[in-house]
Amino acid sequence: MAVNFCPECGAPVTRRWVDADERERAVCTGCQRVHYENPSILVTAMITWQQRVLMCRRAHEPYSGLWCAPGGFMEQEETLEEAAARELVEETGVRVDPDELTLYTITNLPTISEVYVVFRGSVSEPTVSIGAESLDARFFSQSEIPWQELAYPELSSYLRLFFREQASGDFGIHLSRADPAGGFRRSYRIRAADADWRG
């Protein structure tokens, strides 16, 4: 989001070159504070029940009425996993322990300055309770996915990858990029290990 006035002193903000950063920044014309505009972080949860993946039908624009995996923007003072679990509850009523979520995909969208972090997890029951952000929510098998009604074009390839890895039982961690010049995906196979970082 563009900054027009400095939150510190109230003076107008202008864009100018900052030598130290070697790029143009938003700089206050009064106190000279540099206001950094960084990419937004969004989280998504790929939640399964008996080989079916949870999808929700969007209630708001953009793409109202189309289907996607539950997700949204991180809030202040949240971990990535906490944000994914919160968005999951808000959109579908499904609750998971954030600590039980597993990192699955990180996708860069540089043209709109967004980074998507996707987690996967599972539940023992298919109970959903849609929130204000969803028109519907349900678990789909691969053959039941409304492929022609997905909110985002890229979602189709991610879902097919997810179902393929689910069938094989061999999940990777994927780093990808989507932009007008094309995209790429790099995959990793990492054995998860619990560690106590408190020392």
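The values are calculated or read from the model by the stated rules, or taken from the named source; none is laboratory data. Since the structure is predicted, the reported quantities are computational estimates derived from the model, not experimental observations. FYI the Cβ positions are ideal-geometry reconstructions off the backbone, even for glycines, and counts take in every protein chain you see.
So residue 112 fits all but one of (1) buried (at least 16 other Cβ atoms within 10 Å of the Cβ); (2) aliphatic (A, V, I, L, M); (3) farther than 15 Å from residue 47 by Cβ; what number is the exception? Evaluating residue 112 over (1) buried (at least 16 other Cβ atoms within 10 Å of the Cβ); (2) aliphatic (A, V, I, L, M); (3) farther than 15 Å from residue 47 by Cβ leaves (1) as the failure.
Here's a check for you: in region 106-156, which residue that is among the small types (Gly, Ala, Ser) and in a helix (DSSP H, G or I) is modelled with the highest pLDDT? Among those that are among the small types (Gly, Ala, Ser) and in a helix (DSSP H, G or I), it is 143.
Residues that are surrounded by 13 or more Cβ atoms within 10 Å (Cβ to Cβ) and more than 31 Å from the chain's Cα centre (by Cα) within region 19-33 comprise 28, 29, 30, listed in sequence order. Among the residues of region 34-44, is any touching a residue at least 60 places away in the same chain (Cβ under 8 Å), polar (S, T, N, Q), surrounded by 13 or more Cβ atoms within 10 Å (Cβ to Cβ) and closer than 22 Å to residue 163 by Cα? Within region 34-44, one or more residues are touching a residue at least 60 places away in the same chain (Cβ under 8 Å), polar (S, T, N, Q), surrounded by 13 or more Cβ atoms within 10 Å (Cβ to Cβ) and closer than 22 Å to residue 163 by Cα.
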